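The values are calculated or read from the model by the stated rules, or taken from the named source; none is laboratory data. Not measured: the values here are computed from a predicted model. A quick note on method: Cβ atoms are made from the backbone with ideal geometry, for glycine too, and the neighbour counts reach across all protein chains shown.
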Amino acid sequence: MTKEIENTQLFTSIRELIEQSRQQIAVSVNSTITALYWQIGKNIKEEQKKNSRADYGEKIVHTLSAQLVREYGKGFAKRNLFNMIKFAEIFPDFETASALWKQLSWSHILILIPIEDPLKRGFYIQMCTHEKWSVRTFRERIQSMLYERTAISKKPEQTIINDLELLKNEQKLTTDLVFRDPYFLDFLGLKDTYSEKDLETAIIAELQRFIIEFGSDFAFMARQKRITIDNRDYYIDLLFYHRRLKCLIAIDLKIGEFEAGFKGQMELYLRYLEQYDHVEGENSPIGLILCTGKNQEHIELMQLDKSNIKVADYLTVLPPQKLLQEKLHKAVEIAQIKLAQGNNNHE
């Protein structure tokens, strides 16, 4: 029996070594291939610059692709060569490009290339690297317009740059990178009429997908956490802990639009958590009130940010892409107008 146990332990340790080695080889192979594609794109681009004729660049790619496909296969088809050129155009600096291909696969980079906005592209690079998204998850995040739904997209350009640099260099997340509006909870399968308890039960049943929508650093702590104040019991709908922010996140689920009374209720929860559940080294808890609608003027007048409280819409049915874009672009437009008004007031 002892020998069997020893052999089992030996087998397990060797299997782990083999799996680690395979992963390292896969990463190494991917980096080498992506580096090759960047160099090919760079060389073609430099050749194209030698002739100013509009059709010259197209002819080079067409001719070169035919030659490469004959010798090396369909991986060097014309479309792929154009992707390599685009890759080298977006990341012309070798150090920047090499840092990217050490972190992301060529499949990730292909999804990244069509993004024109440098800030938006930088956001997805850092979040994908930080949360280790698969290619499928990466594509879903972009299709769901994660950047536009994240608070950071409504901030001044320099704030976005600073927050992304902080995440890149120090692995520190700001709340503007964490919280979103709206949240997509369409996977819960709720019908037209449901209660807050139905919503909570559905979230617990689909907890993994719920956390994926929120972000990989959220850790589930409790459902209906009971707190007692002056012999009265209160219940926090959902309690999470965020590893990077190093704080508790209290979530209150509401059916209907935001009401002024929600603030006082959440403030009570946060003060209790800070007083009785705070652990040394943690930051102050944050409250998130999820509503099916927001009264923006209420939220602004009540200065919720100063109370460490966030309010966001949630959608149980995914809207058409066009409608979603209009809603999010309108939110960004309003934020920009208020930012400009603030700057004018300071002048």
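Taking the stated definitions as given, is I236 farther than 26 Å from K168 by Cβ, outside the structural domain of T137 (by TED's automatic domain parsing) and either of a type outside the set (D, E, K, R) or not in a loop (DSSP other than H, G, I, E, B) (or both)?
yes
State which residue is nearest to the chain's Cα centre (by Cα) when the search covers only the range 1-51 and only residues that are part of a loop (DSSP other than H, G, I, E, B) and modelled with pLDDT of 70 or more.
So the residue we want is K49.
With (1) over 16 Å from the mean Cα position of the chain (by Cα); (2) modelled with pLDDT under 85 as the list, and I90 as the residue in question, which single condition is left unmet?
Just one mismatch for I90, condition (2).
Yes or no: R141 in contact (Cβ under 8 Å) with a residue 60 or more places away in the chain and in contact with a helix residue (DSSP H, G or I) (Cβ under 8 Å, 6 or more places away or on another chain)?
Judged against the criteria, R141 is not a match.
Given N43, N51, N83, which one is without any contact (Cβ under 8 Å) to a residue 12 or more places away in the chain, of a type in the set (S, T, N, Q), surrounded by 14 or more Cβ atoms within 10 Å (Cβ to Cβ) and farther than 27 Å from N169 by Cβ?
Every option except N43 fails the conditions.
Do you know which of the residues in the range 86-102 that are surrounded by fewer than 16 Cβ atoms within 10 Å (Cβ to Cβ) and of a type outside the set (S, T, Y) is farthest from E47 (Cα to Cα)?
Looking at residues that are surrounded by fewer than 16 Cβ atoms within 10 Å (Cβ to Cβ) and of a type outside the set (S, T, Y), I get K102.
Quick check, is A66 in a helix (DSSP H, G or I), small (G, A, S) and surrounded by 15 or more Cβ atoms within 10 Å (Cβ to Cβ)?
no
N169 versus (1) at pLDDT below 85; (2) surrounded by fewer than 20 Cβ atoms within 10 Å (Cβ to Cβ); (3) in contact with a helix residue (DSSP H, G or I) (Cβ under 8 Å, 6 or more places away or on another chain): which is the lone unmet condition?
Every condition holds for N169 apart from (3).
Which numbered condition in (1) assigned to a loop (DSSP other than H, G, I, E, B); (2) surrounded by 16 or more Cβ atoms within 10 Å (Cβ to Cβ) is the only one that G281 fails?
With respect to (1) assigned to a loop (DSSP other than H, G, I, E, B); (2) surrounded by 16 or more Cβ atoms within 10 Å (Cβ to Cβ), G281 is out only on (2).
What tally of residues in the range 54-63 results from selecting those that are crowded, with 18+ Cβ neighbours inside 10 Å and at pLDDT 85 or above?
Residues meeting the conditions: 1.
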